[in-house]
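Written out below as structure tokens is the structure these notes cover.
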Amino acid sequence: MSKNIKKIGVLTSGGDAPGMNAAIRSVVRTCAYHGIECAGIFRGYQGMIEGDFKTMDARSVKGIINKGGTMLKSARSKEFMTPEGRKKAYDQLIKANIDALVVIGGDGSFTGAMVFNKEFDFPVMGIPGTIDNDIYGSTHTLGYDTALNTVVDAVDKIRDTASSHDRLFFIEVMGRDVGHIALNVGVGAGAEEVLIPEEDLGLDRLLESLHRSKKSGKSSSIVIVAEGDKIGKNVFELKDYVDEHMSEYEVRVSVLGHMQRGGSPSCFDRVLASRMGVKAVESLLEGKSTLMVGLMHDDMVLTPLDQAIKGQSKINLELLRVSEIMTT
Ligand code: F6P
């Protein structure tokens with residue numbers, strides 16, 4: 001174990017995700033276990049610039065493992081993108097005797113951590129927390145599993161009303177750059193079609209598929225649309241298009257929005273968060289830095305932060321095929 005690190009700071013940054021609290025708890029308790037101090041940094045990098053820190057002991061994180069959101073709050077800091085902002089943040093860390101950082105967040109948060117490390121040679125470790133699952137180096141990011149369950153539940157409910165009224169629903173789910181949520185929920189909730197950023201289905205093929213589905217005797221249909229899908233039309237424009245070209249369908253739209261990011265984390269996310277927190281702190285204590293903790297084949301692995309950001313978390317092509325076969 002490295003003798004240099006006596007106090008670790010932990011922050012959450014970017015979009016919140018269920019499991020972030022469980023990860024904070026794990027970081028705090030792993031520090032306590034190894035007899036070092038831990039400081040919670042509030043409001044991400046902005047709180048770091050302002051010195052918004054609070055010393056956290058093992059008991060200070062009781063009762064949060066089951067809570068959604070993040071007790072440390074999250075923010076996107078414009079100031080941290082400037083060298084002056086980062087210098088202020090560095091000075092605050094030195095003043096508070098913080099020797100290393102655990103950053104829980106997505107690719108934007110990791111980019112900030114990397115720049116900071118480069119400028120000040122400050123040890124940083126990343127924990128991937130985002131419902132989008134768009135980080136390379138971990139099969140699962142924190143919050144992804146919970147979001148899948150939340151979205152499947154919502155789609156099941158929408159199906160009840162869709163089938164009662166023989167309607168076609170376009171349901172928009174989160175996923176700015178990737179379609180992991182859309183594809184998995186599409187299969188899990190039995191959607192007729194899934195539109196994701198990785199695949200350009202095209203409007204003609206969408207209509208063809210809906211015609212086929214009507215002909216095969218289906219009276220209602222669910223189409224899951226990832227917010228970043230490539231057709232380039234938003235769900236409301238898709239509705240208008242189908243209204244215009246397929247009068248046989250009564251179409252409705254549902255945008256699930258930020259409810260997908262909330263709620264109590266699943267058992268999977270709680271366990272993953274606990275494992276990631278331990279690995280992040282112990283890696284820092286071993287003198288490692290600028291890495292992200294991830295899950296691969298049920299093992300904790302480390303990936304350089306630059307690879308985690310630049311690498312692609314690829315969509316499961318087999319799942320795409322399963323989705324197609326299931327709509328037969
Ligand atoms: O957390 C990731 C994400 O859910 C994206 O899918 C989405 O585009 C984005 O957050 C929206 O977040 P915000 O409203 O906080 O900018």
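One table, with the values for the structure above:
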read-out: Selection status of Met81, within 19 Å of Ile24 (Cα to Cα) and open to solvent by 60 Å² or more (accessible area, probe 1.4 Å); value: no
read-out: Of all residues in segment 1-34 being of a type outside the set (A, V, I, L, M) and within 16 Å of the ligand (Cβ to nearest atom), the one that is surrounded by the most Cβ atoms within 10 Å (Cβ to Cβ); value: Gly19
read-out: Selection count, segment 22-77, where residues are out of contact with any Phe, Trp or Tyr (no Cβ under 6 Å at 6 or more places or on another chain) and within 22 Å of Thr146 (Cα to Cα); value: 19
read-out: Odd one out for Asp153, checked against (1) in a helix (DSSP H, G or I); (2) without any contact (Cβ under 8 Å) to a residue 60 or more places away in the chain; (3) within 16 Å of the ligand (Cβ to nearest atom); value: (3)
read-out: Extreme residue, least open to solvent (accessible area, probe 1.4 Å), among residues of segment 63-78 that are in contact with a strand residue (DSSP E or B) (Cβ under 6 Å, 6 or more places away or on another chain) and either within 14 Å of Pro265 (Cβ to Cβ) or not hydrophobic (A, V, I, L, M, F, W, C) (or both); value: Thr70
read-out: Conditions (1) in contact (Cβ under 8 Å) with a residue 24 or more places away in the chain; (2) more than 21 Å from Gly143 (Cβ to Cβ): number failed by Lys54; value: (1)
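Yes/no per residue for (1) within 16 Å of Ile8 (Cβ to Cβ); (2) open to solvent by 30 Å² or more (accessible area, probe 1.4 Å):
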{"site": "Asn97", "(1), (2)": "yes, yes"}
{"site": "Met125", "(1), (2)": "yes, no"}
{"site": "Pro128", "(1), (2)": "no, no"}
{"site": "Thr150", "(1), (2)": "no, yes"}
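Residues checked against (1) on the phi > 0 side of the Ramachandran plot; (2) modelled with pLDDT of 95 or more; (3) under 25 Å from the mean Cα position of the chain (by Cα):
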residue	(1), (2), (3)
His140	no, yes, yes
Val155	no, yes, yes
Glu172	no, yes, yes
Gly175	yes, no, yes
Ala182	no, yes, yes
Ile196	no, no, yes
Leu201	no, no, yes
Glu208	no, no, no
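The values are calculated or read from the model by the stated rules, or taken from the named source; none is laboratory data. Worth saying up front: this structure is predicted, and the values here are computed from it rather than measured. Quick reminder, even Gly has a Cβ in these numbers, built from the backbone with ideal geometry, and neighbours come from all protein chains shown. These area figures cover heavy atoms from the full protein model, side chains too; ligands, DNA and RNA do not enter into them. Shrake-Rupley method; radii C 1.70, N 1.55, O 1.52, S 1.80 Å.
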